[in-house]
Amino acid sequence: MSPQCSKCGSDMQEGFLLEKGDGGVLSQQAWVTGKPEKSLLTGLRLKGMHVYDVRTFRCTRCSYLESYASEPSVCY
Ligand SMILES: [Zn+2]
């Protein structure tokens, strides 16, 4: 079930935020618990952290975006 827009009360459409990386590599954004720690190998250290898929809803009327990190978490 889609949520209602908190700004104007209209229906919201489900989607996700796309990360457009170098060389046309596409990936989905995620939400991670805690503060970012830099890693030489991977850019950011994710060991022992919980990573959630983010669902973002877009209002069909005013274009407002609202995100939910409610998908099952992955522990690296
Ligand atoms: Zn709206």
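The values are calculated or read from the model by the stated rules, or taken from the named source; none is laboratory data. Given the structure is predicted, the values throughout are model-derived calculations rather than measurements. FYI the Cβ positions are ideal-geometry reconstructions off the backbone, even for glycines, and counts take in every protein chain you see.
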Find the residue count for region 41-60, including only residues that are over 25 Å from Gly15 (Cα atoms) and surrounded by 14 or more Cβ atoms within 10 Å (Cβ to Cβ).
1
Filter the strands (runs of 3 or more DSSP E) completely within region 24-76 down to those with at least 2 residues that are farther than 17 Å from Ser6 by Cβ and away from the ligand (no atom under 16 Å from the Cβ).
26-28, 30-32, 50-53
Restricting attention to region 61-76, which residues are of a type outside the set (Asp, Glu), modelled with pLDDT of 90 or more and surrounded by 11 or more Cβ atoms within 10 Å (Cβ to Cβ)?
Arg61, Cys62, Tyr64, Leu65, Ser67, Tyr68, Ala69
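Restricting to region 1-23, and then to whatever is within 16 Å of the ligand (Cβ to nearest atom) and in a loop (DSSP other than H, G, I, E, B), can you tell me which residue is surrounded by the most Cβ atoms within 10 Å (Cβ to Cβ)?
By that ranking, first place goes to Cys5.
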If you check Asp22 against the conditions, is it more than 15 Å from the chain's Cα centre (by Cα) and at pLDDT 90 or above?
no
Give me a count of the residues in region 25-40 that are modelled with pLDDT of 90 or more, surrounded by fewer than 12 Cβ atoms within 10 Å (Cβ to Cβ) and within 17 Å of Ser67 (Cα to Cα).
0
